[in-house]
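Q: Dumping the structure here so I can ask a few things about it.
Nothing in this text is a laboratory measurement; each read-out follows from the coordinates by a stated rule. Predicted, not measured: the structure shown is a model, and the values here were computed from it. So basically every Cβ, Gly included, is an ideal-geometry build from the backbone, and we count neighbours across all protein chains shown.
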Amino acid sequence: MTASGPIRTETHDNVLVIISDNPPVNALGQAVRQGLADGIAAALADDVIEAVVIRCDGRTFFAGADITEFGKAPVGPNLPEVCDAIEASDKPVVAAIHGTALGGGCEVALACHYRIAVPSAKLGLPEVKLGLIPGAAGTQRLPRLVGAEAALPLVVGGNPVSANKAESIGLLDAVVTEGNLEQDAIAFARSKIGKPVPRTSEQDANRDGVANPAIFDDFRQQNGRKLKGFDAPEAAIAAVKAAGELPYAEGVAKERELFGKLMAGTQSAAMRHYFFAERAANKIDDIPADTPLIDIARVGIIGAGTMGGGIAMNFLSAGMPVTMLEMKQDALDRGTGVMRKNYENAARRGRMKPEQVDAAMGLLSTTLDYADLADCDLVIEAVFENMDVKKDVFGKLDAHVKQGAILASNTSYLNVDEIAQATSRPGYVLGLHFFSPANIMKLLEIVRGAKTRDDVLATAMKLAKKIGKIAVVSGVCDGFIGNRMLSPRQKQANELVMEGANYWEVDEVLVDFGFPMGPFQMGDLAGLDIGWHRDPSKVTNVREALCAAGRFGQKTGKGFYDYDGSRNRTPSDETKAIIADFAAKAGREQRDIGADEILERLLYPMVNEGAKILDEGMAQRASDIDVVWINGYGWPVFTGGPMFWADTIGLGKVVAGLDKYGLEVSDYLRGKAERGERLTA
Ligand code: T1G
C-alpha cells in the first residue's frame, strides 16, 4: 500500500485499487486530484498491474469538485487533466460507486472505462444548481454514453438518478450488492483485462440529438417555467447539443467557454453563496456541537386547521406518531380528512405509495383531552393568532405534558417570551414557525426565546433536518426574520399604488426580478379579507376598500385582479378606480413611476430591515436571512438572497437609493456602506 495525502493505493495481485479518504464528501480538492493522477501513473508504470479500481472511503464517492476552491488561484492538475489521464489508460479502469457520485465525481466515473455501483448509490451532475455546467467534459462524455435525450434531465435539471435508473440509461455497467463493493469491483475489473478499453469520449450514442433536434425544444417547453431566470440551464442545453454536432475536442472547448462565462458571472457566485448559506444555517454559533439532545419519539399538535394538519404531516411522513388535539370532534374530523386527501393527492401524483399513505395516517391519533398529550416529547401549538388564546393553551400544556418535553408555538409574529411566561418552564418553550402549506414549504424559523435552553434549541434544529426542513434560528421580534422584512416591502407596495404606480406593474417588476409572484397577486391568493373587520362602511386603506366592494381575491374571482374560471388574472378597471378614488380622498397626488424606482423602493427597505435584524442579533448571520427569503418567500436563488444581492449591487447604492426616496437607513447599514464592507461573509 502507498499513500499520498487523502489518496492511498492498495494492490490486489494484478489489480491496483486507488482509494480516496477525504471526509466529509471526498470533494475533488487539489490533493485528491494529485493523488488520483499519481495513482493512475503508478498503475501504468507497474507491469504487474493489469487493471485499476477507483473507490472512496467514508459516506460517499467523490461528491464533486471542491467548491471552496472556486474563485481561488487554480493549482494543477486540474480535473479535466485527471479525467483524460484516467480515460487514456490502456488498462481497464473501473469506478466503484457508493453514496453520491456528483459533478466532478460523476465526471471521474465517466472518464473511467466502466462504472459499477451499489443499489443505494446516486449519480448526477448538479452543477446547474451552482449556476454552472459540468466543467470536466461531463457534458461531452455523458451524451456520448447515454444519448442526448437521457443526458438533458441530468445536466440541465441537475437532479441525481438512482443506480437502477443509471443502469437503465447505460450510465452504469452493473449494480452490485451492498457491502461488497470493492470485491465486486476487483472481480469486474479482472473480467475486462485483455479486452479493448471502451473510452466514453469515443462513443457515439448521442446521435439521437442530431437525428432529432426537436428533443432540445421539447425539453425547454417541458421545463421552461422551472428554468426561468437562470443562465446555466440554457448553457447546459447548448453544451449537450454541441456534443452531438462537434468532434469531442471541439465540444470540450465549447463546454470550457460556457463554463468560464458562468463561473465569472454573478449568478454562480450567488448560488454558491446559497450552497454554503444553507449548510451554515443549521449551525448554532454559541451552542457546543456536542450539546446533548432531547429524545423526540412522540409529537403532539394543538389545532387541526390548515397549519396544524400540515405540520402534523411532516412528522407522520417521517414515521413519528402524532397526537392531534382539537376543541370539537367535527374540527378533528375535518382536519384529518384534509390530511388524508393531501396524502392521497401526493400518491396520485406518484410522490408516495398508497401503502405509505396508510402508514402515515396510521401513526395519527386524535383527542379532545389535554391529558392524552402527557407522554409527548414535543407539542406544537397551531391555534388562532391571539395572545390570550395562546397563553391559555400553554397554561394547559404546562399542566398536562410531562416535564422535559418541548412546548412550541407556530405563531408567525407573536412574542414567544410572553407565551413562555404562561408556563412554569420557559426554558422548554420556543417558536417553530412553519410556512403554509406546512407539509410542502421547506423553511422553518426556529424562534429562540430569552430563556430557551441550549438542548431544546439544538434538538429542534436536529429535528428540522429529520422532517426535511431547512431551519433558521431567529430571535424574538415582531415577525421574526421573514415577515419582519416583508412588512416594509408591503408598506412600500401600498405607497407606490397610492402615488400612481399600477399595481400590476408593481407585481410585474418583482416577477421580472425572479419572484414567483408580486405582493398584490400574493394578497389575492391568500385572501384580502384575512383579518378584515367585515364592516364595509369603515375603509382606512385600499385593501378594506376592495373588501367593501366584495373583492376578496381569487376565492371570489376578483380581488386586485379579475380571475376567469382557470385562475388567469387580468388587471381590473374597478380596482383601478377604487385605488384612484381612495388616493384622491386621501389627497395623494398620482404620478408615473418607473420600474427602477418600483424595484428599489420594494427591495431596499427589506435590505435595511435585514441590516437591523443583524444589528440586533435577531439572526446569527446575514446568510441566514438569505436562506429565509429564498425558501420561504420565493426570493430568486440566482441572486443569492436579499443580503447577498445587496452586497452584489453595492451597499452604497442601496443607501443612496433609500436616501433618495427619503426612506429609513439604519446606522448599521450606513456604517457598512461607508466602510465599504459587505453584509455577507
Ligand atoms: N465541495 C466542498 N465542500 C462540500 C462539497 C463540495 N463539493 N459538498 C459538500 N461539502 C461540504 C458541506 O459544505 C458540508 O460542510 C459537508 O460537506 C457535508 O455536506 C468540475 C464544477 C454530497 C449530497 O454540487 O450536494 O463538480 O457544513 O451537509 O446533506 O464539473 O453535500 O459540514 O462544514 O451537504 O449529507 C458539484 C454538493 C460541485 C454536490 C451530501 N457537486 N454537495 O449532503 O451533507 S461543482 C455538488 C451536496 C463540480 C465540476 C464541477 C451534498 C451531498 P460543513 P452536507 P449531506
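Q: Express in whole angstrom the spacing between the alpha-carbon centres of the range 57-89 and the range 140-160.
A: Centre-to-centre (Cα) distance: 20 Å.
Q: Select from the range 630-664 those chymotrypsin sites (Phe, Trp or Tyr not before Pro) which occupy a DSSP coil region and have at most 16 other Cβ atoms within 10 Å, ordered by residue number.
A: Qualifying residues, ordered by number: Tyr661.
Q: What percent antiparallel are the DSSP beta bridges of the chain, to the nearest 5?
A: Around 35 percent antiparallel, to the nearest 5.
Q: Just add up the charged neighbours of Arg199: K/R +1, D/E -1, any other residue whose Cβ is under 11 Å from the Cβ of Arg199.
A: Taking every Cβ under 11 Å from that of Arg199, the sum is -2.
Q: If you don't mind, another one. So what is log10(I(q)/I(0)) for the range 214-313 at q = 0.10, 0.12, 0.22 1/Å, when the Debye sum runs over its Cα atoms only?
A: Taking Cα atoms of the range 214-313 as identical point scatterers yields -0.60, -0.73, -1.18.
Q: Among Thr639, Thr366, what is the fewest-to-most ranking by other Cβ atoms within 10 Å?
A: Going from least to most buried by this count: Thr366, Thr639.
Q: Of Lys283/Lys353; Lys442/Lys672; Lys283/Lys442, which ones are farther than 24 Å apart at the Cα?
A: Lys283/Lys353; Lys442/Lys672
Q: Right, another one. Along the principal axes of its C-alpha atoms, what lengths does the range 17-63 span, in descending order and rounded to whole Å?
A: Result for the range 17-63: principal-axis Cα extents of 34, 19, 11 Å.
Q: Among the trypsin sites (Lys or Arg not before Pro) in the range 202-237, which ones are in a DSSP loop with at most 15 other Cβ atoms within 10 Å of the Cβ? Mind listing them?
A: Lys228
Q: Any chance you could tell me what percent of the C-alpha pair distances in the range 618-681 go past 19 Å?
A: 34
Q: Hey, how many Å between the Cα centroid of the range 221-263 and the Cα centroid of the range 24-49?
A: Each part reduced to its Cα centre gives a spacing of 29 Å.
Q: Per Stokes-Einstein, at 10 °C and 1.306 mPa s, what whole-number D in µm² s⁻¹ belongs to the range 408-541, with the Kirkwood radius over Cα pairs as the hydrodynamic radius?
A: 93
Q: Another one. Straight-line reach from Lys228: which aspartates and glutamates have Cα under 14 Å away, leaving out those fewer than 8 places along the same chain?
A: Of all the aspartates and glutamates, those that pass the test against Lys228 - Cα under 14 Å, at least 8 places apart if same chain - are Asp512.
Q: Which value in Å is the Kirkwood Rh of the chain over different Cα pairs?
A: With all distinct Cα pairs of the chain included, I get 28.0 Å.
Q: For the range 104-155, what is the convex hull volume of the alpha-carbon atoms per residue, in Å³?
A: Each residue corresponds to 84 Å³ of Cα convex hull volume.
Q: Another question, then. Any idea what Rg and Dmax come out to for the range 278-341 if you just take the C-alpha atoms, in Å?
A: Calculated on Cα positions, Rg and Dmax stand at 15.7, 46 Å.
Q: What is the order of Ile649, Ile630, fewest Cβ neighbours within 10 Å to most?
A: Ile649, Ile630
Q: To continue, here is another question. I'm checking a number: the convex hull volume of the Cα atoms of the range 78-233, normalised per residue, in Å³. What is it?
A: With only Cα atoms used, the range 78-233 gives 107 Å³ per residue.
Q: Let me ask something else about it. Can you compute the equivalent ellipsoid semi-axes for the range 366-438, i.e. the square root of 5 times each eigenvalue of the Cα gyration tensor, sorted largest first and rounded to whole Å?
A: Here the semi-axes work out to 18, 14, 12 Å.
Q: Something else: Enumerate by residue number the trypsin sites (Lys or Arg not before Pro) in the range 571-617 meeting two conditions: DSSP loop (anything except H, G, I, E, B), and at most 10 other Cβ atoms within 10 Å of the site's Cβ.
A: Arg591
Q: Could you check the spin-label model distance between Asp372 and Gln590? Points 7 Å from the Cα along Cα→Cβ, value in nm.
A: About 5.6 nm, to one decimal.
Q: Among all the lysines, which ones have a C-alpha under 25 Å from Lys576's C-alpha, if same-chain residues fewer than 8 places away are not counted?
A: Cross-link targets: Lys491, Lys538, Lys555, Lys558, Lys585.
Q: Could I ask something else about it? Starting from the amide H of Val53, placed 1.01 Å from N in the peptide plane, find each other amide H under 5 Å away whose residue is 5 or more places distant or on another chain.
A: Amide H neighbours of Val53, under 5 Å, 5+ apart: Leu16, Val17, Ile18, Val94.
Q: Still on this structure, I have one more. Would you mind ranking Glu677, Glu81 so that the residue whose beta carbon has the fewest other beta carbons within 10 Å leads the list?
A: Glu677, Glu81
Q: For the range 273-290 and the range 561-581, what is the separation of their C-alpha centers, rounded to whole Å?
A: 44
Q: For the chain, what relative contact order do you get, as a whole percent, if you take Cα pairs closer than 8 Å and at least 6 residues apart?
A: 9
Q: Please list 3J(HN,Hα) in residue order for the range 235-252, calculated via the Karplus relation 6.51 cos²θ - 1.76 cosθ + 1.60 where θ = phi - 60°; whole Hz, with x for glycine and proline.
A: Rounded to whole hertz, the list is 5, 5, 4, 4, 5, 5, 4, 4, 4, x, 8, 10, x, 3, 4, 5, x, 5.
Q: Going by amide H atoms built from the backbone, whose H comes under 5 Å of the H on Tyr561, apart from near neighbours?
A: Distant-sequence amide H within range of Tyr561: zero hits.
Q: First obtain the Kirkwood hydrodynamic radius of the range 1-147 from its Cα pairs, then insert it into the Stokes-Einstein equation at 20 °C and 1.002 mPa s, and state the resulting D in µm² per second as a whole number.
A: 142
Q: Please list the non-local residues whose amide H lies under 5 Å from the amide H of Met324, H modeled 1.01 Å from N, same-chain partners needing a gap of 5 or more.
A: Ile301, Ser365, Thr366, Thr367
Q: Net charge near Ala460, counting Lys/Arg +1 and Asp/Glu -1 over other residues with Cβ under 12 Å of its Cβ?
A: +2
Q: Using only Cα atoms, what Kirkwood radius does the range 55-136 have, in angstroms?
A: 13.2
Q: Taking the alpha-carbon distance from Lys328 and a cut-off under 21 Å, which lysines remain once sequence neighbours fewer than 8 residues away in the same chain are dropped?
A: Straight-distance partners of Lys328: Lys341, Lys390, Lys391, Lys396.
Q: Here's a follow-up. What is the spread of the Cα atoms of the range 555-646 along each of their three principal axes, largest first, in whole Å?
A: Reported extents, whole Å, longest axis first: 45, 37, 23.
Q: Separate question: Could you quote the convex hull projected area for the range 278-400, Cα atoms only and averaged over all directions, in nm²?
A: Spelled out: convex hull of the Cα atoms, projected over all directions, averaged, 9.7 nm².
Q: Over the range 428-504, with a single point scatterer placed on each C-alpha, what log10 of the ratio I(q)/I(0) does the Debye formula yield at q = 0.21, 0.24 1/Å?
A: Once normalised to I(0) and log-transformed, intensities are -0.91, -1.06.
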